[in-house]
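Enquirer: Dumping the structure here so I can ask a few things about it.
The values are calculated or read from the model by the stated rules, or taken from the named source; none is laboratory data. Since this is a predicted model, take the numbers as computed values, not measurements. We place every Cβ from the backbone using ideal geometry, glycine too, and count neighbours over all the protein chains shown. Note: accessible area is taken over every heavy atom of the protein model, side chains too, but ligands, DNA and RNA are not part of it. Shrake-Rupley method; radii C 1.70, N 1.55, O 1.52, S 1.80 Å.
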Amino acid sequence: MRIPALVPTLAAVAISAVLLTGCSGSDEPPAPATPDGSAPAAQQTEKPTDAALSEDTEAICAQASRTSNEFGKTFAEDYQLLVRAAAEGAEAKAKAQEKVTRDLQNFSFALLDMSKLAADPAVKKALSSMGAQVTALKGDVTKVDEKKLAELHAVLDKACGRG
C-alpha cells in the first residue's frame, strides 16, 4: 500500500465517516471494543434485554449515531497513524494497517449487531447495508465509496425519522 496515493482517498473516507454522524443522539461515545476485537455487551445494548432494545427504534438510532461519531474520530486518528507510519518503515506500516483493519471490523460489527436488534424494517435494512459496505472493505480503505456511504447514511436518517 502506497500512502501518498491514498491521501486523497483517506481524506474522503474520513469525511464520509463524519457524514455518518448525521443521526442525532447524545454525544456520549460507545464503549471501546474488547481486546479480542468484539464489541462489549454495553455497546450492543443500552436496555436490560435485546428484546427491549429491538422495540426502541429511537434508542437504536441514537446508538448508531454514537457509534458513527466514535468511528469518525477513530478513523481520523487512524488516518494520521497511516501517514506517520508510512515514513517509519514496513513494520510501522503493517501495525498501522492492522489497527485500521481492526477498527473497520469493529465498526462493521457494531452496525450489523444493531441491524439484528432493530425491529423497524427500514432501520434494520439501513444498518445492515452500512455494515455490509464496511465489511466489504476488508480493511482496505482504498475500496471505500464515499458517495455510497453518504447515500446509505441518508437512508438511515430517513429510517430514523430525520430525513
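Enquirer: Can you confirm whether D113 is within 28 Å of L53 (Cβ to Cβ) and touching a Ser or Thr at 6+ places or on another chain (Cβ under 8 Å)?
Expert: Against the criterion (within 28 Å of L53 (Cβ to Cβ) and touching a Ser or Thr at 6+ places or on another chain (Cβ under 8 Å)), D113 does not qualify.
Enquirer: Report yes if some residue within segment 63-73 is open to solvent by less than 40 Å² (accessible area, probe 1.4 Å), at pLDDT below 85 and of a type in the set (A, V, I, L, M, F, W, C); otherwise report no.
Expert: no
Enquirer: Between K95, K124, which is free of Cβ contacts under 8 Å to residues at least 12 places away in the same chain and either crowded, with 17+ Cβ neighbours inside 10 Å or under 11 Å from A64 (Cβ atoms) (or both)? Lay out the reasoning, then the answer.
Expert: Numbers: K95 fails: either crowded, with 17+ Cβ neighbours inside 10 Å or under 11 Å from A64 (Cβ atoms) (or both).
Result: K124 is the single residue among K95, K124 that is free of Cβ contacts under 8 Å to residues at least 12 places away in the same chain and either crowded, with 17+ Cβ neighbours inside 10 Å or under 11 Å from A64 (Cβ atoms) (or both).
Enquirer: Within segment 75-92, track down each residue that is open to solvent by 30 Å² or more (accessible area, probe 1.4 Å) and assigned to a helix (DSSP H, G or I).
Expert: A76, E77, Y79, Q80, L81, V83, R84, A86, A90, E91 - these are the residues of segment 75-92 that are open to solvent by 30 Å² or more (accessible area, probe 1.4 Å) and assigned to a helix (DSSP H, G or I).
Enquirer: Among the residues of segment 31-58 satisfying the criterion of being in a helix (DSSP H, G or I) and surrounded by 18 or more Cβ atoms within 10 Å (Cβ to Cβ), which is modelled with the highest pLDDT?
Expert: Among those that are in a helix (DSSP H, G or I) and surrounded by 18 or more Cβ atoms within 10 Å (Cβ to Cβ), it is T57.
Enquirer: Of (1) surrounded by 14 or more Cβ atoms within 10 Å (Cβ to Cβ); (2) over 14 Å from S54 (Cα atoms), A136 satisfies all except one. Which?
Expert: (1)
Enquirer: Being in a helix (DSSP H, G or I), modelled with pLDDT under 50 and closer than 21 Å to K138 by Cα is the requirement here; does V13 meet it? Give the steps one after another, and end with the answer.
Expert: Details: in a helix (DSSP H, G or I): yes; modelled with pLDDT under 50: yes; closer than 21 Å to K138 by Cα: yes.
For V13, the condition - in a helix (DSSP H, G or I), modelled with pLDDT under 50 and closer than 21 Å to K138 by Cα - is met.
Enquirer: Looking at A64, A119, A150, A85 in this structure, which one is touching a residue at least 60 places away in the same chain (Cβ under 8 Å), touching a Cys at 6+ places or on another chain (Cβ under 6 Å) and among the aliphatic types (A, V, I, L, M)?
Expert: Step by step, each of A64, A119, A150, A85 is checked, and only A64 is touching a residue at least 60 places away in the same chain (Cβ under 8 Å), touching a Cys at 6+ places or on another chain (Cβ under 6 Å) and among the aliphatic types (A, V, I, L, M).
Enquirer: Tell me which of these V7 doesn't satisfy, since it passes every other one: (1) at pLDDT below 90; (2) under 23 Å from A132 (Cβ atoms); (3) assigned to a helix (DSSP H, G or I).
Expert: That leaves (2) as the condition not met.
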